[in-house]
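Handing you a structure now.
The values are calculated or read from the model by the stated rules, or taken from the named source; none is laboratory data. For clarity, every value in this text was computed on a predicted model and none was experimentally measured. Ideal geometry is used to build each Cβ from the backbone, glycine not excepted, and the neighbour counts take in all protein chains shown.
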């Protein structure tokens, strides 16, 4: 239950002066918290609410709060961010995310942030941050604009986000890592969702009406929770933005042990080696020594894939089967979901490397380079056959979106878009809709004014229009139209009255483009994505293991 200033002394006998006397109060299983009332937006905000105790040891799962403090706690500032890179990565000067705003970086980082309009039994939108599984924090994102819009449209809701461990701290992978210590970043998410559901009523929320959403790694996480459901059903629907149900970069955990792999390198630079005792050795290194060494392994030279991502392990690792196998078998939750991607996802992912080649390669040289780039996407020690690479080089010979002067860049960017985002999303949509699951597709196609032309509607561009962290875009109706889809779906499990459900026969997606929002045939580059979604093609890229 939310308690405003006039009721504070009914909840506690003495309220410390340091916490002030004008903030809203919420009583949770982690204790009593005093937040802040944002009068301009008419929103109660609670920051840094603890959902788990400090970790017992590095890489271990969280434990619930063992004893709530007896005195009220300040909830007016973010808790610590989890250890990660010092700043978001950037391409052509464009950062992958807003600045972190936590008090510091610490292994004790299990915090939830809430924005609520203080009503009763409201639906809840829980946002899972992205960042490639190696960076990001709940402190980057602010749901005030969404909550304010929801109240204005008479569909009030609550916005909540949280921290989870990223990089090596959340996704250490090795044959020498105990099962319970694998994928603890996803386990953190699961534990946060449990806490949110258990405390929903305290914020005026309805624990049976939780929708989870996320972008990039956050969108992939939404799909992961659908593929690997918790025994406690903590959500009723999902919105997966620029993240894939296939989660194509999911390797075997032992993949990191390979020569040049992240665990192999980490063991060498820390002196822990890569043998049976290496795991305990890594646990014992002081954080000030360990963190700068760990950062050296997050993105390795010559490796197209980020290290320390969810990996397939044994029973007890949360991911005990490859996502591709579960998807094709239809072994996942049947819940309503909206999933989609941006038109030019790969333009940001590929970056400027191919554009910067001087002089630009000849057509034959470009084919060789593109073939090598395609091979670099494979996991689990797989070699993509020359025949398959030649086929893909040919399929991407004539780009549909020529946004740069480099044909090689245009081709590689469209392959990256399809391979990582568009193809697996279409595969999920086809399989889910065939079993009468309620699914909707979208294609975000709006470039951002003032950004590099070659970016197009790039990876993360939709977040600028959603207005939850990046500087808002001065535009027409697109911001409100995008926000209204999230609000409507969170409230009623329908993203819009004019948005048809997806089916394999109709293949309709909602286009988000300023002045042209509406349903379209989701058919562009179908030949390419159909080839990528063939089982034999996925097998060659290592989606089913060794």
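In the range 60-92, how many are in contact with a strand residue (DSSP E or B) (Cβ under 7 Å, 6 or more places away or on another chain) and assigned to a strand (DSSP E or B)?
The qualifying residues number 3.
Output yes when any residue across the range 137-150 is in a loop (DSSP other than H, G, I, E, B) and either more than 27 Å from residue 235 (Cα to Cα) or in contact with a helix residue (DSSP H, G or I) (Cβ under 7 Å, 6 or more places away or on another chain) (or both), and no when none is.
no
Filter the range 381-397 for residues that are in contact (Cβ under 8 Å) with a residue 40 or more places away in the chain and either more than 18 Å from residue 545 (Cβ to Cβ) or touching a strand residue (DSSP E or B) at 6+ places or on another chain (Cβ under 6 Å) (or both); which is surrounded by the fewest Cβ atoms within 10 Å (Cβ to Cβ)?
391
With respect to residue 476, is the statement that it is without any contact (Cβ under 8 Å) to a residue 60 or more places away in the chain, more than 30 Å from residue 386 (Cα to Cα) and surrounded by 16 or more Cβ atoms within 10 Å (Cβ to Cβ) true?
So residue 476 fails the test.
Residues in the range 96-113: is at least one closer than 30 Å to residue 452 by Cβ, assigned to a loop (DSSP other than H, G, I, E, B), modelled with pLDDT of 95 or more and within 21 Å of the chain's Cα centre (by Cα)?
No, because not a single residue in the range 96-113 is closer than 30 Å to residue 452 by Cβ, assigned to a loop (DSSP other than H, G, I, E, B), modelled with pLDDT of 95 or more and within 21 Å of the chain's Cα centre (by Cα).
Would you confirm whether any residue within the range 317-333 is out of contact with any strand residue (DSSP E or B) (no Cβ under 8 Å at 6 or more places or on another chain), buried (at least 19 other Cβ atoms within 10 Å of the Cβ) and at positive phi?
yes
Can you tell me which of (1) in a helix (DSSP H, G or I); (2) in contact (Cβ under 8 Å) with a residue 40 or more places away in the chain; (3) more than 26 Å from the chain's Cα centre (by Cα) is the one residue 223 doesn't meet?
(3)
Related question: Sort out which residues of the range 499-515 are outside any loop (DSSP other than H, G, I, E, B) and either touching a helix residue (DSSP H, G or I) at 6+ places or on another chain (Cβ under 7 Å) or farther than 20 Å from residue 489 by Cβ (or both), and write them in order of number.
512, the sole residue that qualifies.
Does residue 244 satisfy the criteria of being under 28 Å from residue 115 (Cα atoms), crowded, with 24+ Cβ neighbours inside 10 Å and at pLDDT below 95?
Considered against the rule, which asks whether it is under 28 Å from residue 115 (Cα atoms), crowded, with 24+ Cβ neighbours inside 10 Å and at pLDDT below 95, residue 244 comes out as yes.
Could you count how many residues in the range 190-205 are touching a strand residue (DSSP E or B) at 6+ places or on another chain (Cβ under 8 Å), touching a residue at least 60 places away in the same chain (Cβ under 8 Å) and part of a helix (DSSP H, G or I)?
Of the residues in the range 190-205, 10 are touching a strand residue (DSSP E or B) at 6+ places or on another chain (Cβ under 8 Å), touching a residue at least 60 places away in the same chain (Cβ under 8 Å) and part of a helix (DSSP H, G or I).
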